[in-house]
Amino acid sequence: MRILAIESSCDDTAAAVVDGGRVASSVVASQDDVHRAYGGIVPELASRAHMTAITPTIERALDDARVGLDDIDAIAATFGPGLVGSLLVGLCTAKALAFGRGLPFLGINHLEGHLLSVQLEAEVDFPYVALLASGGHTSLYLAHGLGDYERLGATRDDAAGEAFDKVAKILGLGYPGGRLIDELAQSGDPAAHAFPRARLKPRKGRSRFDFSFSGIKTAVALHVRGNPGGEADVAASFQEAAVDMLINTAIAATRDAGAPRLVIAGGVSANSRLRERISAEGAAAGIDVVIPTLRYCTDNAAMIGYAADLRFARGERHRLDLNARAIADLERAPEPSAP
Ligand code: KG4
Ligand code: ZN
């Protein structure tokens, strides 16, 4: 099956052609230039930029795959979670294409795309624990199989990527901040400052494997206010503390779940220090760690096409009245339905 997949949940417009489960093309149009001046994503501008970029991005994905719309068997798009104005652009385009061409359509959860993205490049058998760390989410899931995901923990406040972005803003580095912190940290001392590693007390109804990133962000802000300069050391020390929290919690959760492997996904899994440390620390704990290449860590449509390929193969379809959802629980996918 040859699928055209569209992803527009946040600030990247992406389209891909996935052919028999393999990526034939994957195009991502970044909106960084649109949002840079504001130091963060402006939702209304994101929607408008998606409107401008969606058609050329789809055309490039088709061109790169050397196919036309006539060669496409099915259409998929992210339905949530994300910014609703952004989601609607990709989702409505996908539904219009499916309607106009009489093709089957499927909405995919963005988080499922990230969670399966590691399988784009390697044979990774279920079960595995996935650390999903992006600008909007930081969670741990035990993936038993396709569509069978158990949440082991999640952030109680900020997402990891949000903390990277906010610290970059505090340091005056610009936007998007995660990559800039990563680059600046290369020339800093990760032991220069002992920023706090949140240790969450077990609470009723809360997981032992939750995260918290708001305290470290405040600690960095207070430090910078009292001690100007030394940005590289601050960036490296913040990054070290954030990576400690991610790795320690992910490994503890994987051991507790008795899963043989841990995969990482989402924009923060592009972090060089996280990538450098997690394999060795996983191996020391008897856990095989699988890391996607950079282009599949950040938002892309190939991961949406891949998830769609697996679900289409099970006979799943969605009706064209499937709506965009700002919040979309990974454990409860919308019911597949005959069109
Ligand atoms: O998955 P993603 O592309 O979009 C969302 O679904 O949010 O993740 C974007 C997040 C941003 O917060 C960005 O700063 C962060 O991932 N990020 C990084 C790095 N590259 C991107 N964080 C740390 N180190 C990086 N190298
Ligand atoms: Zn994402």
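The values are calculated or read from the model by the stated rules, or taken from the named source; none is laboratory data. Computed from a prediction, not measured in an experiment: that's the story for all the values here. Cβ sites come from the backbone with ideal geometry, for glycine too, and all protein chains shown count toward neighbours. When the accessible area is computed, the model is the full protein with side chains, heavy atoms only, and any ligands, DNA or RNA have been set aside. Shrake-Rupley method; radii C 1.70, N 1.55, O 1.52, S 1.80 Å.
Please check: in the Gaussian network model of the chain (C-alpha springs, under 10 Å), which one of Pro43, Pro292, Pro81 has the largest mean-square fluctuation. Of the options given, Pro43 has the highest mean-square fluctuation. Accessible area of Met245 (1.4 Å probe, protein heavy atoms only, ligands and nucleic acids ignored): about 10 Å². Looking at the range 205-311, the accessible area is 36 square angstrom per residue; that uses a 1.4 Å probe and ignores ligands, DNA and RNA. Can you tell me what percent of all Cα-Cα pairs in the range 1-53 are more than 16 Å apart? Result for the distance tail: 45 percent. So what's the net charge close to Gly39: Lys and Arg +1, Asp and Glu -1, counting the other residues with Cβ under 14 Å from its Cβ? Residues close to Gly39 contribute a combined charge of -2.
The order of the peptides 223-231, 2-10, 103-111 by mean Cβ neighbours within 10 Å, most packed first, is 2-10, 103-111, 223-231. If R0 is taken as 56 Å, the Cβ-Cβ distance between Asp256 and Asp73 corresponds to a FRET efficiency of 0.85.
Percent relative contact order of the range 248-339, based on C-alpha pairs within less than 8 angstrom and at least six residues apart?
For the range 248-339, the relative contact order is 24 percent.
What would the Debye equation give as log₁₀ I(q)/I(0) for the range 46-85 at q = 0.19, 0.34 Å⁻¹, counting only Cα atoms as equal point scatterers? Result of the Debye calculation: -0.71, -1.12.
A simple spin-label model places pseudo-atoms 7 Å from Cα toward Cβ; at Phe99 and Asn323 they are separated by 1.6 nm. Solvent-accessible area of the range 124-291 (1.4 angstrom probe, protein heavy atoms only): carbon and sulfur portion equals 48 percent. The radius of gyration of the Cα set in the range 1-133, together with its Dmax, comes out at 14.9, 43 angstrom. Kirkwood Rh over Cα pairs of the chain into Stokes-Einstein at 37 °C, 0.692 mPa s: D in µm²/s? The calculation lands on 162 µm²/s. Using C-alpha pairs under 8 Å with a sequence gap of at least 6, the mean separation divided by the residue count of the chain gives a relative contact order of 24 percent. Would you please classify the overall shape of the range 231-295 from the alpha carbon gyration tensor, given that a ≥ b ≥ c denote the square roots of the eigenvalues, rounded means a/c under 1.5, and beyond that prolate means a/b larger than b/c while oblate covers the rest? The shape class here is prolate.
Size check on the range 161-217: the Cα extents along the three principal axes, sorted descending, read 40, 24, 15 Å.
With the simple model of a label 7 Å out from the Cα in the direction of the Cβ, Asn227 to Arg60 spans 4.3 nm. Angle, helix 302-313 long axis vs. longest principal axis of the chain, Cα atoms, 0 to 90°, nearest 10? For helix 302-313, the angle is close to 50 degrees. With K and R counted +1 and D and E -1, the other residues having a Cβ less than 13 Å from that of Ile291 yield a net charge of +1. By the helix-only formula, in which each DSSP H run with n ≥ 4 contributes -39500 (n - 2.57) and the sum is divided by residues, the chain has a 222 nm mean residue ellipticity of -13000 deg cm²/dmol.
From the alpha carbon centroid of the range 216-230 to that of the range 1-74 is 38 Å.
Per residue, the average separation of C-alpha pairs within less than 8 Å and at least 6 apart gives the range 124-291 a relative contact order of 28 percent. Based on the Stokes-Einstein relation at 25 °C and a viscosity of 0.890 mPa s, and on the Kirkwood radius from alpha carbon pairs, the range 124-291 is assigned a translational diffusion coefficient of 153 µm²/s.
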